[in-house]
Amino acid sequence: MSNTTLYALTMLAAGFGIPILAALNAALGVRLGSPVAAGAILFCVALSATVIALLITGPAPILQAPSAPKHLFLAGFLVAFYVLSITYVAPHFGIGNAVFFVLLARIIHQTPGISFRRTGSAGLTAAF
């Protein structure tokens, strides 16, 4: 299996996970009565899984983080915004509607002149 196929299948699986993540975390937020508490729990579980993966793959690269450009750390705020917004909005607006608008934003973002792929913003480039 080529790397391109593996990458595509990995991202397809990740895409299937988006509505599942939204549904699970929204349900937890409703059950707890707090989307913020559900988001905090999600991030604790995610941190645990990530630390395990880091230990398996070798923790040395994390030592380079202090020298990375500081704007790259804004990704953490963006993922927090996504998780908190989907956890709050989905129970009121519907999982399908919430995920639809996330995907619509991705389509709009791919418009020429807006896309990271086309502009090279943040050091991102197309692989093919």
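The values are calculated or read from the model by the stated rules, or taken from the named source; none is laboratory data. All of these numbers come straight from a predicted model, not from anything done at the bench. Positions of Cβ are generated from backbone atoms using ideal geometry, with glycine treated the same way; all protein chains shown enter the neighbour counts.
Could you grab me the full set of residues in region 50-61 that are aliphatic (A, V, I, L, M) and surrounded by fewer than 10 Cβ atoms within 10 Å (Cβ to Cβ)?
Restricting attention to region 50-61, the residues satisfying the condition of being aliphatic (A, V, I, L, M) are 51-56, 60.
Of everything in region 50-61, those that are aliphatic (A, V, I, L, M) and surrounded by fewer than 10 Cβ atoms within 10 Å (Cβ to Cβ) turn out to be Ala53, Leu55, Ile56, Ala60.
When we screen Leu32, Leu47, Leu84 for residues that are surrounded by 15 or more Cβ atoms within 10 Å (Cβ to Cβ), farther than 29 Å from Thr5 by Cβ and at pLDDT 95 or above, the only hit is Leu84. When you check Pro66 against the structure, is it in a helix (DSSP H, G or I) and either touching a Lys or Arg at 6+ places or on another chain (Cβ under 6 Å) or loosely packed, with under 12 Cβ neighbours inside 10 Å (or both), yes or no? When the stated conditions are applied, Pro66 passes them.
Does Arg106 satisfy the criteria of being modelled with pLDDT of 95 or more and of a type outside the set (A, V, I, L, M)? Step through it out loud before you land on a result.
Details: modelled with pLDDT of 95 or more: no; of a type outside the set (A, V, I, L, M): yes.
Considered against the rule, which asks whether it is modelled with pLDDT of 95 or more and of a type outside the set (A, V, I, L, M), Arg106 comes out as no.
From Val79, Val51, grab the single residue that is under 18 Å from Arg106 (Cα atoms) and hydrophobic (A, V, I, L, M, F, W, C).
Details: Val51 fails: under 18 Å from Arg106 (Cα atoms).
Answer to the check: Val79.
The requirement of being loosely packed, with under 10 Cβ neighbours inside 10 Å and touching a helix residue (DSSP H, G or I) at 6+ places or on another chain (Cβ under 9 Å) is fulfilled nowhere in region 13-20; no residue meets it. For Val102, work out the one condition from (1) closer than 15 Å to Ile18 by Cα; (2) outside any helix (DSSP H, G or I) it doesn't fulfil. Val102 satisfies every listed condition except (2).
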